[in-house]
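Scroll down for the structure; my scribbles are underneath it.
Just so it is clear, none of the values below were taken in a lab; they were calculated from the coordinates. Everything numeric in this text was worked out from a predicted model, so none of it was measured. Virtual Cβ from ideal backbone geometry, glycine too; neighbours counted across all protein chains shown.
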Amino acid sequence: MEDTKILGYSIPKKCRVIINAWAIGRHPDYWEMPEEFQPERFLNRSVDYKGHEFQFIPFGAGRRACPGMAFSVATIKLVLANLLNRFEWKLPGELRGEDLSMDEAPGLTTRKKASFVLVAESRTGGSEGIEVMDSAAIASKEM
Ligand code: HEM
């Protein structure tokens, strides 16, 4: 390990560098309308997610990149497809999507500031309320 310089910045050895992937993922030089939730932006272009194109690093990059990447990519569609296939997802009562707060709590990982309840109606009958909670709400329930 040794001191180094990157883009004019001095990085002393043993210094902990935290990459702001959130800001990179919203950089207007790389993303059109970066603040808009547009998953379809990925439909007609192939953006590498494995850490080779630095504007999109959901699993990090380099030697400390996520070792669970292959497992996640192999299973995530299966999990999501099962949840969507088996349940009809609704908001309770008169609540509308626009009423929900999508504010994020500060931290190294992104989580919701306020929790909300979803109603998962089984497509084969029955319904259950599923509470989507932030970690603080989970901790307070466990106590
Ligand atoms: C969609 C699912 C996942 C995403 C988006 C994700 C994302 C990430 C990110 C961004 C990092 C930090 C990488 C860096 O520092 O550059 C990381 C690290 C890590 N992930 Fe994941 N991850 C996911 C699933 C998983 C799974 C399923 C496992 C284990 C089975 C896992 C195990 C780890 C471990 C052990 C690290 C620490 C690696 C290290 O610091 O050397 N991840 N992950």
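Below is a table of values for the structure above.
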{"item": "The chain: calculated mean residue ellipticity at 222 nm from DSSP helix runs of at least 4, using -39500 (n - 2.57)", "result": "-6000 deg cm²/dmol"}
{"item": "Calculated FRET value between Ser10 and Met102, using beta carbons and R₀ = 30 Å, to 0.05", "result": "0.20"}
{"item": "Positive dipole terminus of the chain, leading residue within Phe87, Ala74, Asn44 (C-beta point charges)", "result": "Ala74"}
{"item": "Estimated dipole of region 1-111 in Debye, rounded to 20 [Cβ of Lys and Arg +1, of Asp and Glu -1, Cα centre]", "result": "720"}
{"item": "Residues whose placed amide H lies under 5 Å from that of Phe87, excluding near-sequence neighbours", "result": "Arg123"}
{"item": "Cross-link pairs Lys13/Lys77; Lys13/Lys112; Lys14/Lys113; Lys50/Lys113 - those with Cα-Cα distance over 31 Å", "result": "Lys13/Lys77; Lys13/Lys112; Lys14/Lys113"}
{"item": "³J(HN,Hα) computed for each position of region 9-20 - Karplus, 6.51 cos²θ - 1.76 cosθ + 1.60, integer Hz, glycine/proline x", "result": "8, 7, 10, x, 4, 6, 6, 8, 9, 10, 7, 8"}
{"item": "Highest-MSF residue in the chain out of Phe42, Phe54, Phe116 [GNM, Cα springs under 10 Å]", "result": "Phe42"}
{"item": "Cleavage-rule hits (trypsin sites (Lys or Arg not before Pro)) in region 39-107: DSSP loop, at most 14 neighbouring Cβ within 10 angstrom", "result": "Arg45, Arg96"}
{"item": "Karplus (6.51, -1.76, 1.60) ³J(HN,Hα), θ = phi - 60°, over region 21-32, in Hz, Gly and Pro reported as x", "result": "5, 4, 5, 5, x, 10, 6, x, 5, 10, 10, 6"}
{"item": "Separation in nanometres of the label points that stand 7 Å from Cα toward Cβ, at Arg123 and Ala23", "result": "4.4"}
{"item": "Region 16-129: Rg to Rh, with Rh as the Kirkwood radius over Cα pairs", "result": "1.01"}
{"item": "Potential extension, Leu84-Arg41 segment - 0.36 nm per residue separation minus Cα distance", "result": "13.3 nm"}
{"item": "Spatial separation of Cα centroids for region 74-116 and region 52-71, in angstrom", "result": "23"}
